[in-house]
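Reviewing the structure listed below.
The values are calculated or read from the model by the stated rules, or taken from the named source; none is laboratory data. Source: prediction; values computed, not measured. FYI the Cβ positions are ideal-geometry reconstructions off the backbone, even for glycines, and counts take in every protein chain you see.
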Amino acid sequence: MIAAPVAAQNAATQELRDLIPDSAVADPESWANQGVPADVANQEDAPPEVDADSPLAELPEMDIAWPDNLELPEITPLEPETDIQFVDFDSAQPQVEIGSEERISEELVLVFPTDTTLFPQRDEFLSRFRALSTIEQLNAEGSVGRLAAQSREDEALLERMLRVYGYYDAQVFRSVGRAGPDAQEGDPQTRGEREVRFEILPGKQYRFGAIDLGQLPTTGADYGPLRDGFGIETGDPLLADKIEDEQIELGTALSESGYPFAEIGEPDLLIDHQREEGDLTLPVTPGGKYRFGRVISNREDFLSSNHISNMARFEPGDTYKLSLEEDLRQAILATGIVGSVEMSTVEATPPANGEPGTVDVNVNMTEAKLRTITGGLGYGTGEGFKAQASWEHRNLFPPEGALRVRGIVGTREQLLGAVFRRGNLGGRDRNLTAEAFVSTIDYDAYDAQTVSFVANYERRSTLLFQKPLSWSAGVELVATGEAPRLADGTLGERNTYFIGALPASVLVDTSNDLLDPTSGFRLGGRISPEISTTGGVQRFYIRGQIDGSYYLPAGEKVVIAARARFATISGAPVEGVAPSRRLYAGGGGSVRGYGYRAIGPQNSEGDPTGGRSLTELSLEARIRTGLFDGALGVVPFVDAGTVGNGSTPGFDEIKIGAGIGVRYYTSFGPMRVDFAVPLNRGPNDDRFAVYVALGQTF
């Protein structure tokens, strides 16, 4: 490569300012007035001097003549308008007094009209704005510029929110910083440099104009109730929230009136500022009316179609309701043997000749884990330690035929038993339970070795479905060898009792929770006619019991709970009733502070012998604390109870216990520990008692 000469490099890099004469830099105007220099003007390639009045040369490829002699028509002047009325804007605009301040924070102030009737939604508006405000949610971290940017976001938010409430002509005035240089310290108009102020003029609230609900009128006789259920009429305040709420309500009304395939499109709102109204169009497609047809299971060997149909709260031919379909889905989940359920409606016959069609309900299920092993530990003064365990298969005998084997090992009780349960037998939430077990019990009152069979047909509450009315009826067969505790602490003669009973019960429950009620009441009764044979002597008697509890909320964190129980055995003397069938009081679920079954008639050694009547009363305050995120509570309580030899419940020789408990609230119910002392302690009563269990006492 050959290098270029240095001179050539200098010429190529010469800058433009090197070509400007020094005289032009010193005096630009004088230099410009000199014109073109003579030596440049006389050059052959110098541009010719042009006369301003000379005609333009013909443009190449232009064949249109220049309009040199074009004559334009004379324009006729308009006649002056004499009837124009000009608006006096000062008098046309309403005079609104602004000055009612609401301070959101140190950085944020909203100012509303003093007349609250001009914006009656003020409190609700403020609550929503606080939750959505960019200034409130984000910290400007000392930056006035960032605060100004956030204030613009909040200004747009205020304008959107005002339109939500129907104020489409609202004005929002934003200011950031001090009110002015003349503001004095302490002056209410004085604002800090980091303060944003919004002054709001809501204007007039728009109203609904025409309302078009698409094809809803095609529902015929159902149109009236459905239209009445859509709570927006012409002339109502134009509230965007109301549109969304009523759209949901209309969808619910359609699904509850026999229209499973109804569709509702997105609402369209056309604002007319001249009328100050908004015309609402809601595209509704009812899709035809239907009745229930069949229920079809995808697993006939697991839960058959017939079994699921017995669980449904509807019959074929009933008007379709989405809530009944959802209720059936919840009932299937409540069996405990289904992991997931998908319900779908399929047209079986279309509507015809003015008659509704029919839809089948398809049930697609997956199995849950069917085997469960559980265990638990407990302790109670008088009961000692107790360990429980069970194994269960919840669908060993389909459909819903469960088998559970359970056992108890404790310092005073041992048990081994098997329980068979058939769910939803003969109807929804109706269960057959049969249990056979053998047990040994060593209490202060008696020692018992028992073989028992119990069967019940019942309707009970579950954790998913707490029922206002429960009932049960059953049969009980018992063979038990029992020996009373003698005065010297030894066991007396063991007698064998053969007992047959027909127990029945009913419970009315208006409480709001099965494990941790905070309001409502429960009232239940139980009666059991029994026949007992021992030593060739046969006796007939009736056991009866009434239970009631009431729950009263006393503030956000306190619940007052009260309980009463009265029981009786009529028709036989105390010695004619097996010790295990007599009435006892005392313990964690009875009168706390006393030993288990330690209240009532006693022998000379102070051991309980049981009685024929019982009275129990309890009162406690369940107080939630702020500890452990509100999961910890304390419960001061007082219990009272008595047991008598007569058959009429009374208050003779009543025993009273008091104490305090701790509750730890979990997702499956409260865990409780109670510490109690007997207030009128007998010679054989302990100084205190401790109880540990799951769930509230009552």
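Residue-level check: of (1) modelled with pLDDT of 95 or more; (2) farther than 24 Å from ALA253 by Cβ; (3) of a type outside the set (Lys, Arg), VAL359 misses just (2). The single condition among (1) assigned by TED's automatic domain parsing to the domain that holds THR666; (2) in a loop (DSSP other than H, G, I, E, B) that LEU464 does not satisfy is (1).
Summed over segment 606-634, the residues that are over 31 Å from the mean Cα position of the chain (by Cα), not in a strand (DSSP E or B) and not basic (Lys, Arg) give a count of 4. Could we say that TYR206 is farther than 30 Å from GLY145 by Cβ and touching a Gly at 6+ places or on another chain (Cβ under 7 Å) here? So TYR206 passes the test. Among the residues of segment 204-216, is any of a type outside the set (Ser, Thr, Tyr), in a helix (DSSP H, G or I) and at positive phi? Checked against the condition, which is being of a type outside the set (Ser, Thr, Tyr), in a helix (DSSP H, G or I) and at positive phi, segment 204-216 yields no hits at all. Looking across segment 646-698 at every residue that is among the small types (Gly, Ala, Ser) and part of a strand (DSSP E or B), the one that is farthest from TYR551 (Cα to Cα) is identified as ALA689. Do we have ARG543 as crowded, with 17+ Cβ neighbours inside 10 Å, in contact with a Ser or Thr (Cβ under 9 Å, 6 or more places away or on another chain), of a type in the set (Lys, Arg) and over 22 Å from PHE566 (Cβ atoms) here? For ARG543, the condition - crowded, with 17+ Cβ neighbours inside 10 Å, in contact with a Ser or Thr (Cβ under 9 Å, 6 or more places away or on another chain), of a type in the set (Lys, Arg) and over 22 Å from PHE566 (Cβ atoms) - is not met.
The residue pairs whose first member lies in segment 234-252 and is more than 17 Å from ALA262 (Cα to Cα), whose second member is among the small types (Gly, Ala, Ser), and whose beta carbons are closer than 7 Å, counting only pairs six or more residues apart or on different chains, are THR234/GLY209; THR234/ALA210; PRO237/GLY166; LEU238/GLY166; LEU238/GLY278; LEU239/GLY166.
In the list GLY682, GLY659, GLY641, GLY633, which residue meets the criterion of being buried (at least 21 other Cβ atoms within 10 Å of the Cβ) and within 30 Å of ARG494 (Cβ to Cβ)? None of the others qualify; the one that does is GLY641.
So, ALA479, is that one farther than 26 Å from ARG494 by Cβ, outside any loop (DSSP other than H, G, I, E, B) and not polar (S, T, N, Q) or not? The answer is no for ALA479.
Each residue in segment 288-308 was checked for being among the small types (Gly, Ala, Ser) and either assigned by TED's automatic domain parsing to the domain that holds PRO260 or more than 18 Å from ASN395 (Cα to Cα) (or both), and 2 pass. Selection of segment 149-159 for residues being without any contact (Cβ under 8 Å) to a residue 40 or more places away in the chain and either of a type in the set (Phe, Trp, Tyr) or within 17 Å of PHE112 (Cβ to Cβ) (or both) yields LEU157, GLU159.
Yes/no matrix, rows are residues, columns are (1) of a type in the set (Ser, Thr, Tyr); (2) part of a helix (DSSP H, G or I):
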| residue | (1), (2) |
| --- | --- |
| GLU101 | no, no |
| LEU110 | no, no |
| THR117 | yes, yes |
| PRO120 | no, no |
| PHE125 | no, yes |
| ARG128 | no, yes |
| ILE135 | no, yes |
| SER151 | yes, yes |
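Applying a threshold of 6 Å to beta carbon distances and a minimum spacing of six or more residues, or different chains, the list of pairs starting in segment 416-440 at a residue that is under 19 Å from GLY336 (Cβ atoms) and surrounded by 15 or more Cβ atoms within 10 Å (Cβ to Cβ) and ending at one that is β-branched (Val, Ile, Thr) and modelled with pLDDT under 95 reads GLY423/THR335. Residues in segment 345-371 that are surrounded by 14 or more Cβ atoms within 10 Å (Cβ to Cβ) and among the β-branched types (Val, Ile, Thr): THR345, THR349, THR358, VAL359, VAL361, VAL363.
I'd like the residue in segment 494-534 that is surrounded by 17 or more Cβ atoms within 10 Å (Cβ to Cβ) and among the acidic types (Asp, Glu) and, out of all such residues, is nearest to ARG612 (Cα to Cα). Of everything passing the filter in segment 494-534, GLU530 is nearest to ARG612 (Cα to Cα). Residue count for segment 392-401 under the criterion of being surrounded by 15 or more Cβ atoms within 10 Å (Cβ to Cβ) and either without any contact (Cβ under 8 Å) to a residue 60 or more places away in the chain or in contact with a Gly (Cβ under 6 Å, 6 or more places away or on another chain) (or both): the result is 5. If the condition is being farther than 26 Å from PRO601 by Cα and at pLDDT below 90, then segment 672-698 contributes VAL692, ALA693, LEU694, GLY695, GLN696.
Considering segment 241-313, the qualifying strands (runs of 3 or more DSSP E), each wholly inside and each with 1 or more residues that are out of contact with any strand residue (DSSP E or B) (no Cβ under 6 Å at 6 or more places or on another chain) and more than 17 Å from GLY229 (Cβ to Cβ), run over 268-272, 290-297.
Scan segment 477-493 and give yes if some residue there is of a type in the set (S, T, N, Q), surrounded by fewer than 17 Cβ atoms within 10 Å (Cβ to Cβ) and free of Cβ contacts under 8 Å to residues at least 60 places away in the same chain, otherwise no.
Of segment 477-493, the ones of a type in the set (S, T, N, Q) are 480, 490.
Checking which are surrounded by fewer than 17 Cβ atoms within 10 Å (Cβ to Cβ) leaves us with 490.
Retained after the next criterion (residues that are free of Cβ contacts under 8 Å to residues at least 60 places away in the same chain): 490.
Checked against the condition, which is being of a type in the set (S, T, N, Q), surrounded by fewer than 17 Cβ atoms within 10 Å (Cβ to Cβ) and free of Cβ contacts under 8 Å to residues at least 60 places away in the same chain, segment 477-493 yields at least one hit.
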